[in-house]
Amino acid sequence: MYQLLKQIIVTGIKTEVPPVADEALRVIAQRLEKAMLDTLGRALVIRQIDAGSCNGCELEIHALGNAYYNLEGLGIRFAASPRHADLLLVTGPVAKNMEVALKRAYDATPEPKLVVAVGECGCGGGIFGESYASCGRVANVIPVDVAVPGCPPTPLALMQGILTAIGGK
Amino acid sequence: MQILNHSLQFEALPGALAAYRATADEARLLSFASSVRQSGGRFVALWGSDERDRNAGFALHAAFGIAEGLALVTLPLPADNPEYPDLAEIFPAANRLQRATYDLLGIRSRGEDQRPWLRHANWPADYFPLRRDSDPAQQFETQNEEYAFVRVEGDGVHEIPVGPIHAGIIEPGHFRFSIVGEKVLRLEQRLGWTHKGIEKRFEQLPLSDGYKLAGRVSGDTTVAFSWAYCLAAETLTGCTPPPRALWLRALLLERERIANHLGDLGYLGNDAALSFGLAQFLRLKEDWQRLSDQLFGHRYLMDRIVPGGVACDLPPGGGALMLAQCESIEREVRILKDIYDEHAGLQDRFLTTGRLLPALAGELSISGLVGRASSQTWDLRGQNPIAPYDQLNVQVASHRNGDVAARVAVRFDEIFEALRATRQILVVLTDELCRDLIEPLPSARDGAFGVGWIEGWRGDVLVALEAGPDGSIRRCHCHDASSRIWPALEHAVMGNIVPDFPLINKSFNLSYSGQDV
Ligand code: SF4
């Protein structure tokens, strides 16, 4: 126990300043009113969906939870069910085999359900493109509000995308 | 030449890797597979190809791991009714690969289990994407699938279906638990959700670009896959990368190994309710990746290994930075290891949980870190080393308990060994005078074949590549060890309690995307 506590104290606080929103990442105009955004901004719940990624994007989404980015420190957390989510964070080209699951998760998410598409694949199909097995970009399957490019996008870019979706808080 | 005293005539493939190739008929394929099994060898991969445009039918290709290296056996099949004997009777690991091969190419094993694997009714049963006359751009209506899960019956038995979308930030898969009380009687996996037609996609890319796609088969294994692809491309064109490039490749591969092990050790602590471990290890992993980005321009080192060499060098002063980081990470990991080792609650969750016994691991051809935690001491870096591993003398980790604790111990051992290897590589890189990083890839002969086989952080990855005319790719098969290891997870959870599944699953940490190729 002594070692553990010592390690915590020696480590100190690592959290860095979060990035600001970037309106250039928007796919469609903001749909939500300011009052709602103000509420969401303080307690946003995200459901992440891997719709067919190579898992590279997930690694960076995981990194959002590390002490440096500390996404939870901004009041943003990940939920296990789309029913509890305000925002879907979707990676991958949408694999044909995931098309139905993605649509169901979208349907299960309560309005106004923001959607952020992640990565070159989520934004445009990426290197996998469209084929018998791939529907391509996320917007081909469900409506997308914000798209964050990068292969994979860095944690800062992801944060920026999420913050943009909720109106720059 | 002969292998294992078998009558098959093998030819040695050129290039860095010890690989041998033979063509066989059914009987000799089976008898060779049996010899491999008896000699303690293992099954590695299985795939098919369409040869009908060459006045032939189809072909089945099987890869085996033996002491000498990699043995590839090709079985020609007729164009009509292409069938082959069930290799799963000798190597159970062949089952899913045979089913996947049918889904993609329409060549069938005579095995009993004919359920689809990669096809989830989202393309018609008579559409075989890897046939050369199949249009890759064709899209079909998605359908609901009825998959024949094996039912467990009895008093009080019920089923828990999980997925494809999982509760956390994880790749999609479906798990069907049959349980009684909270004890798991049986787990059955249904995978293939992230299948995105990668092998067909290769056929639309030039051979010189395929490394990018190979590097995205499984994002956490991008270095190993791009190296395997490049090794295959270099074998088939007769290209030898400059020595400095090979040392850099090994440096990148060990960086990838350490990054993933650091993350896993954090999540393993977290899944056993020690969130302190997650916070600490993810911090170390972030430090590690930031230096990768600073020195080589990518946090995951994607696209740094290219055909003929590497696309990055150690910048001036980079060696010193890396050495300093190795030292600090090693010091911190040792502290954290002590904390893990002495944490009674953690050890209680780790010990005897999710056991994969060595005998079963051997039967299932389990390699990689899961194998090494169950006495299967396969590690290409130690056994079939290609340059520069022939000079690195990697000590292969090995434990025999096969439980979560053993898989944790293997990860710790491998971090320390990879740090040692990294230091050794850095000495060479700072001394060596020749700065050449790339040897241009000569043009490939139509029909030339090459193979790459690299020990990634999770296990071995294999890329089999055949060139088409004018620098195109005729066929490219990518295999991740996960495809073989997934079934072992079904065994390892039996008899454990449902709440331990996430921990056991994490201790395997297999790739979905890599198996769904
Ligand atoms: S954007 Fe890149 S990292 Fe993300 S899923 Fe696509 S290939 Fe993988």
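The values are calculated or read from the model by the stated rules, or taken from the named source; none is laboratory data. The model shown is predicted, which means the values in this text are computed figures rather than measured ones. Cβ coordinates were reconstructed from backbone atoms using ideal geometry, including for glycine residues, and neighbour counts include every protein chain displayed. Side chains included, ligands, DNA and RNA excluded: accessible areas come from the protein's heavy atoms. Shrake-Rupley method; radii C 1.70, N 1.55, O 1.52, S 1.80 Å.
Observations on the structure shown:
- Residue among B:Gly269, B:Gly263 that alone is at pLDDT 95 or above and within 16 Å of the ligand (Cβ to nearest atom): B:Gly263
- So B:Glu363, is it farther than 30 Å from A:Gln7 by Cα and open to solvent by 30 Å² or more (accessible area, probe 1.4 Å): yes
- Options A:Thr15, A:Thr11: the member that is surrounded by 12 or more Cβ atoms within 10 Å (Cβ to Cβ), more than 10 Å from chain B (Cβ to nearest Cβ) and polar (S, T, N, Q): A:Thr15
- From the list B:Thr221, B:Thr240, the lone residue that is more than 21 Å from A:Ser131 (Cβ to Cβ) and surrounded by fewer than 24 Cβ atoms within 10 Å (Cβ to Cβ) is B:Thr240.
- Taking (1) under 18 Å from B:Leu191 (Cβ atoms); (2) open to solvent by 70 Å² or more (accessible area, probe 1.4 Å); (3) within 14 Å of another protein chain (Cβ to nearest Cβ) in turn, B:Gln138 satisfies each apart from (1).
- Meets criteria (open to solvent by 50 Å² or more (accessible area, probe 1.4 Å), in the same structural domain as B:Val44 (by TED's automatic domain parsing) and over 24 Å from B:Cys478 (Cβ atoms)) for B:Glu89: yes
- Search result, residues across the stretch B:199-221 that are outside any loop (DSSP other than H, G, I, E, B) and at the interface with another protein chain (Cβ under 7 Å from one of its Cβ atoms): B:Lys200, B:Arg201, B:Lys212, B:Leu213, B:Gly219, B:Asp220
- Residue in the stretch B:316-338 that is more than 25 Å from B:Asp413 (Cβ to Cβ) and not in a helix (DSSP H, G or I) present: yes
- For B:Gly48: the one exception among (1) without any contact (Cβ under 8 Å) to a residue 40 or more places away in the chain; (2) in a strand (DSSP E or B); (3) not aliphatic (A, V, I, L, M): (1)
- Only one of B:Arg435, B:Arg411, B:Arg400 that is open to solvent by 30 Å² or more (accessible area, probe 1.4 Å), over 28 Å from B:Gly308 (Cα atoms) and either touching a helix residue (DSSP H, G or I) at 6+ places or on another chain (Cβ under 9 Å) or of a type in the set (Gly, Ala, Ser) (or both): B:Arg400
- Failed item in (1) within 16 Å of the ligand (Cβ to nearest atom); (2) open to solvent by 30 Å² or more (accessible area, probe 1.4 Å), with A:Val20 passing the rest: (1)
- Hey, B:Thr74 within 14 Å of chain A (Cβ to nearest Cβ) and either surrounded by 17 or more Cβ atoms within 10 Å (Cβ to Cβ) or more than 22 Å from B:Asp516 (Cα to Cα) (or both) or not: no
- When B:Arg299 is tested against (1) within 11 Å of another protein chain (Cβ to nearest Cβ); (2) surrounded by fewer than 24 Cβ atoms within 10 Å (Cβ to Cβ); (3) more than 16 Å from the ligand (Cβ to nearest atom), exactly one condition is not met: (3).
- Residue within the stretch B:116-129 that is part of a loop (DSSP other than H, G, I, E, B), without any contact (Cβ under 8 Å) to a residue 24 or more places away in the chain, closer than 30 Å to A:Glu99 by Cα and among the hydroxyl-bearing types (Ser, Thr, Tyr) present: yes
- Unique match (being open to solvent by 20 Å² or more (accessible area, probe 1.4 Å) and within 14 Å of another protein chain (Cβ to nearest Cβ)) among B:Gly192, B:Gly168: B:Gly168
- The criterion of at least 3 residues that are facing another protein chain (nearest Cβ under 9 Å) and either more than 16 Å from the ligand (Cβ to nearest atom) or touching an Asp or Glu at 6+ places or on another chain (Cβ under 9 Å) (or both) is met by the following helices (runs of 4 or more DSSP H) wholly inside the stretch A:23-126: A:56-63, A:99-108.
- Taken over the stretch B:209-249, the criterion of being among the β-branched types (Val, Ile, Thr) and either within 16 Å of the ligand (Cβ to nearest atom) or at positive phi (or both) is satisfied by B:Val217, B:Thr221, B:Thr222, B:Val223.
- Single condition B:Gly266 does not satisfy, out of (1) touching a residue at least 40 places away in the same chain (Cβ under 8 Å); (2) touching a Gly at 6+ places or on another chain (Cβ under 7 Å): (1)
- Residue count for the stretch B:41-65 satisfying the condition of being of a type outside the set (Phe, Trp, Tyr) and within 17 Å of the chain's Cα centre (by Cα): 7.
- Per the listing B:Gly197, B:Gly181, B:Gly154, B:Gly192, the residue uniquely at positive phi, in contact with a strand residue (DSSP E or B) (Cβ under 7 Å, 6 or more places away or on another chain) and touching a residue at least 24 places away in the same chain (Cβ under 8 Å) is B:Gly197.
- Any chance B:Pro315 is surrounded by fewer than 22 Cβ atoms within 10 Å (Cβ to Cβ) and either more than 27 Å from A:Gly150 (Cα to Cα) or touching a residue at least 24 places away in the same chain (Cβ under 8 Å) (or both): no
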